[in-house]
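**Student:** Sending over a structure as structure tokens; questions will come in a sec.
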Amino acid sequence: MTFQLPFELPDEQRAALEAAYATPPRAYHNFQHVLEVLRHYDAAGQGPGWKQPVEVALAVLYHDAIYNAGQKDNESRSAELAAEHVARWMPSRGIDIVRVQMLIELTARHGTFSPDDVDDEAALFLDCDMAILGAAPAVFDAYDRGIAAEYRAVVPGWLFKINRKRFLKALLARERIYLSPFFHERLDAQARGNLRRAVTVKR
């Protein structure tokens, strides 16, 4: 792992997790994405801090473990896999698996929450996953291309472009892109710049 987790991840569990992220092969929602979200998890831990660091870290590890572009049950199935793996490899750790699953399932509704809709810890977790929007332009563009690649075999290109632009415009129109003060202050301006460019560029 690039960053130290607040627990020891058994080798068999890590292998099973990485295998899940490799199935099917993905251009963006892969294990590298998890490592990037862990980087933001680490930054938030050194900033506001985590009340349930173990549960949030597990939510980060498993939030996209099951991912098929366009499917509506990715998050619920990822939450189920997290519960299965914790029961198998971490049964005596006292982990609040209900909390882990709730955090994972919240990611299905990215871009629909306002700060008052979730607790402070959930806001930070969701912002870690959305931090890519506020990345450097080249990194954001690579993310945008990765999402397009994942949908290429699922929907016609013209339909993807319409839906993608609609989603990005909706994010841009929100009063708050990031729910937590920590990420709002750090990434909002860059995220809005990336989104404006993405919705105006001809594809």
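**Student:** The conditions are (1) at pLDDT 95 or above; (2) surrounded by 14 or more Cβ atoms within 10 Å (Cβ to Cβ); (3) not small (G, A, S), and D116 fails exactly one of them. Which is it?
**Tutor:** For D116, the exception is condition (2).
**Student:** Additional query: Pull up segment 5-49, narrow it to residues that are polar (S, T, N, Q) and assigned to a helix (DSSP H, G or I), then point me to the one that is nearest to F182 (Cα to Cα).
**Tutor:** Checked segment 5-49; the qualifying residue nearest to F182 (Cα to Cα) is Q46.
**Student:** Could you list, in sequence order, all residues of segment 50-67 that are over 16 Å from R88 (Cβ atoms), part of a helix (DSSP H, G or I) and of a type in the set (A, V, I, L, M, F, W, C)?
**Tutor:** V54, V56, A57, A59, V60
**Student:** Of the conditions (1) touching a helix residue (DSSP H, G or I) at 6+ places or on another chain (Cβ under 6 Å); (2) of a type in the set (V, I, T); (3) surrounded by fewer than 15 Cβ atoms within 10 Å (Cβ to Cβ), I97 fails just one. Which one is it?
**Tutor:** (3)
**Student:** When you go through D64, D116 one by one, which is the residue that is among the charged types (D, E, K, R) and either in contact with a strand residue (DSSP E or B) (Cβ under 6 Å, 6 or more places away or on another chain) or closer than 27 Å to T23 by Cβ (or both)?
**Tutor:** Exactly one residue qualifies, and that residue is D64.
**Student:** Moving on. Does A173 qualify as being within 19 Å of F113 (Cα to Cα), loosely packed, with under 15 Cβ neighbours inside 10 Å and not β-branched (V, I, T)?
**Tutor:** Spelling it out, A173 is indeed within 19 Å of F113 (Cα to Cα), loosely packed, with under 15 Cβ neighbours inside 10 Å and not β-branched (V, I, T).
**Student:** Cβ-Cβ distance below 9 Å, separation of 6 or more or different chains: which pairs start in segment 151-162 with a residue that is within 20 Å of H29 (Cα to Cα) and end on one that is in a loop (DSSP other than H, G, I, E, B) and among the charged types (D, E, K, R)?
**Tutor:** Pairs found: G157/R203; F160/R152; K161/R203.
**Student:** Given the options V199, V155, name the one that is over 28 Å from A43 (Cβ atoms) and either within 20 Å of the chain's Cα centre (by Cα) or hydrophobic (A, V, I, L, M, F, W, C) (or both).
**Tutor:** Sole residue among the options that is over 28 Å from A43 (Cβ atoms) and either within 20 Å of the chain's Cα centre (by Cα) or hydrophobic (A, V, I, L, M, F, W, C) (or both): V155.
**Student:** Which condition from (1) closer than 26 Å to R152 by Cα; (2) over 12 Å from the mean Cα position of the chain (by Cα); (3) of a type in the set (A, V, I, L, M, F, W, C) is the one that V37 breaks?
**Tutor:** (2)
**Student:** In segment 72-90, what residues are outside any helix (DSSP H, G or I) and either among the charged types (D, E, K, R) or modelled with pLDDT under 95 (or both)?
**Tutor:** Correct list: K72, D73.
The values are calculated or read from the model by the stated rules, or taken from the named source; none is laboratory data. Since the structure is predicted, the reported quantities are computational estimates derived from the model, not experimental observations. Note: ideal-geometry Cβ built from the backbone for every residue, glycine included; neighbour counts use all protein chains shown.
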